[in-house]
Amino acid sequence: MQEKEGFKTSNYNLIPYKISDKNEIEVTQVEDNVWLTQKQMAQLFDTSIPNISVHLKNIFETGELIEEEAVKKNLKFDNGAPFSPAKDYTSTNFYNLDAIISVGYRVNSKRGVQFRQWATKIIKEKIFEANKQMVEAYRAQVNLICEKYERPFYAG
């Protein structure tokens, strides 16, 4: 159920994400997306909050992402309570996975580099996996056609 300034949900998880041996952030998963604050992104990429803010500003100004879709204010759960009882988040912006990834590709820090290497590896794996599945599906279809017409298929 979305509202003008934020959203309410009963379908969420708070996932601890270990950044290093000493640091951990709590990632908020709501339905099929994850959300972080600027502070959490700064911790994730080992940079400053002003640096995250500059990157987000540029991301929205260039049209890479639509701010209204990537940012939510007042993240609240179905009981109406703020995100965490320890802090009032009523004026905090939360940024979705698209924004987190976009910032990760812009941040110039050791963790930013590690993030880009990890993300690139995952993208490659998914592309090769999808390509392999398409080839296998194509071969299966060709084999069915060949069987129907009793002709051999040479996969050379």
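The values are calculated or read from the model by the stated rules, or taken from the named source; none is laboratory data. Note that the coordinates shown come from a computational prediction; the quantities given were computed from them, not determined experimentally. Using ideal geometry, Cβ is built from the backbone for each residue, glycine included, and neighbour counts are taken over all protein chains shown. The protein model used for the area step is the full one, side chains on, heavy atoms only, and it has no ligands, DNA or RNA in it. Shrake-Rupley method; radii C 1.70, N 1.55, O 1.52, S 1.80 Å.
Name the pairs: first residue in region 113-134 and modelled with pLDDT under 90, second residue of a type in the set (A, V, I, L, M, F, W, C), Cβ to Cβ under 9 Å, at least 6 apart or on different chains?
Taking only residues 6 or more apart or on different chains, the pairs are 113/107; 115/44; 115/45; 115/101; 115/107; 116/107; 119/101.
Condition check ((1) over 22 Å from residue 48 (Cβ atoms); (2) open to solvent by 100 Å² or more (accessible area, probe 1.4 Å)) across all residues:
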position	(1), (2)
107	no, no
115	no, no
123	yes, no
130	yes, no
137	yes, no
141	yes, yes
149	yes, yes
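Report the residue count in region 21-73 for those that are touching a residue at least 60 places away in the same chain (Cβ under 8 Å) and either in a strand (DSSP E or B) or of a type in the set (Phe, Trp, Tyr) (or both). Break it down stepwise before answering.
Start the filter on region 21-73 by keeping residues that are touching a residue at least 60 places away in the same chain (Cβ under 8 Å), which leaves 28, 33-36, 41, 44-47, 72-73.
Subset that is either in a strand (DSSP E or B) or of a type in the set (Phe, Trp, Tyr) (or both): 28, 33-36, 45, 72-73.
Looking only at that region, the number is 8.
Considering only region 61-68, I want to know if a residue exists there that is at pLDDT below 80 and open to solvent by 40 Å² or more (accessible area, probe 1.4 Å).
Residues of region 61-68 at pLDDT below 80: none.
No.
For region 91-147, how many residues meet the condition of being farther than 30 Å from residue 17 by Cβ and assigned to a strand (DSSP E or B)?
Final tally of qualifying residues: 0.
Please give the number of the condition residue 86 fails out of (1) modelled with pLDDT of 85 or more; (2) under 22 Å from residue 19 (Cβ atoms); (3) surrounded by fewer than 11 Cβ atoms within 10 Å (Cβ to Cβ).
Status for residue 86: all satisfied but (1).
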